[in-house]
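Worksheet: the structure to be examined is printed underneath.
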Amino acid sequence: MMRIDKKKMILSVKSGSVIIKNLRFDGTVVTGIDCSFLGSIEAREVNLGKGCVVGGVIRAEEVTVGAYSIFNEIEAEDVVILVGCRGNRISAKGDVRIAKNCKIGEIKGNRLLIEGNSKIGKMEARKIIAYG
């Protein structure tokens, strides 16, 4: 189930929802926990809740992926990946922040910040900072 706030340009997806088609919205997409997206998500900003699954591509200016979520590919300006996420590919023009216990196949970005113990297959960035 989805709700749209036209004044604030926010599309909210109820927890546990399954979205079969591609989702395109000219604003912010906010999801609850355990949502599944079989298609792609395209918006200005995407905030995924804990335990979400995205089968397609996430395209946005800013993307925040909640803890223990699974995604295929992200194309964005700035990306924040929280604890325990798994994904194939991240391509960012700006900053990429990865929390602990994540497993990502490939990351391309301007600046990459890795916190804690995460597994990254391939990294390409101007500046890489890893700590923790």
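The values are calculated or read from the model by the stated rules, or taken from the named source; none is laboratory data. Nothing here was measured: the structure is a model prediction, and the numbers come from that model. FYI the Cβ positions are ideal-geometry reconstructions off the backbone, even for glycines, and counts take in every protein chain you see.
Restricting to region 97-112, what's the tally of residues that are small (Gly, Ala, Ser) and buried (at least 23 other Cβ atoms within 10 Å of the Cβ)? Full working, then the answer.
Residues of region 97-112 that are small (Gly, Ala, Ser), as a first pass: 99, 105, 109.
Now restrict to residues that are buried (at least 23 other Cβ atoms within 10 Å of the Cβ): 109.
Count: 1.
State all residues of region 31-53 that are within 16 Å of Asp78 (Cα to Cα) and among the hydrophobic types (A, V, I, L, M, F, W, C); if no residue qualifies, say none.
Going residue by residue through region 31-53, those that are within 16 Å of Asp78 (Cα to Cα) are 41-48.
Within region 31-53, Ile41, Ala43, Val46, Leu48 meet the criteria.
Quick test for you: out of Gly84, Gly66, pick the one residue that is out of contact with any strand residue (DSSP E or B) (no Cβ under 7 Å at 6 or more places or on another chain), in contact (Cβ under 8 Å) with a residue 24 or more places away in the chain and crowded, with 17+ Cβ neighbours inside 10 Å.
On the way: Gly84 fails: in contact (Cβ under 8 Å) with a residue 24 or more places away in the chain.
When all the criteria are applied, what remains is Gly66.
Please state which one of Phe37, Phe25 is under 25 Å from Arg3 (Cα atoms), aromatic (Phe, Trp, Tyr) and touching a Leu at 6+ places or on another chain (Cβ under 6 Å).
Working: Phe37 fails: touching a Leu at 6+ places or on another chain (Cβ under 6 Å).
Result: Phe25 is the single residue among Phe37, Phe25 that is under 25 Å from Arg3 (Cα atoms), aromatic (Phe, Trp, Tyr) and touching a Leu at 6+ places or on another chain (Cβ under 6 Å).
Before we move on, is Val65 within 19 Å of Ser118 (Cβ to Cβ) and among the aliphatic types (A, V, I, L, M)?
Taking the combined requirement at face value, the residue satisfies it.
Any residue that is closer than 29 Å to Glu124 by Cα, in contact with a strand residue (DSSP E or B) (Cβ under 9 Å, 6 or more places away or on another chain), small (Gly, Ala, Ser) and crowded, with 17+ Cβ neighbours inside 10 Å - is there at least one of those in region 18-33?
No, there is no match, as no residue in region 18-33 is closer than 29 Å to Glu124 by Cα, in contact with a strand residue (DSSP E or B) (Cβ under 9 Å, 6 or more places away or on another chain), small (Gly, Ala, Ser) and crowded, with 17+ Cβ neighbours inside 10 Å.
Given the structure, is Ile4 part of a strand (DSSP E or B), over 20 Å from Ala92 (Cβ atoms) and modelled with pLDDT of 95 or more?
Yes, satisfied.
Enumerate the pairs (first residue in region 114-132 and on the phi < 0 side of the Ramachandran plot and exposed (fewer than 13 other Cβ atoms within 10 Å of the Cβ); second residue anywhere and modelled with pLDDT under 95 and assigned to a loop (DSSP other than H, G, I, E, B)) with beta-carbon separation below 8 Å, excluding pairs fewer than 6 apart on the same chain, so at least 6 apart or on different chains.
Short answer, once both residue conditions are applied: Asn117/Gly132.
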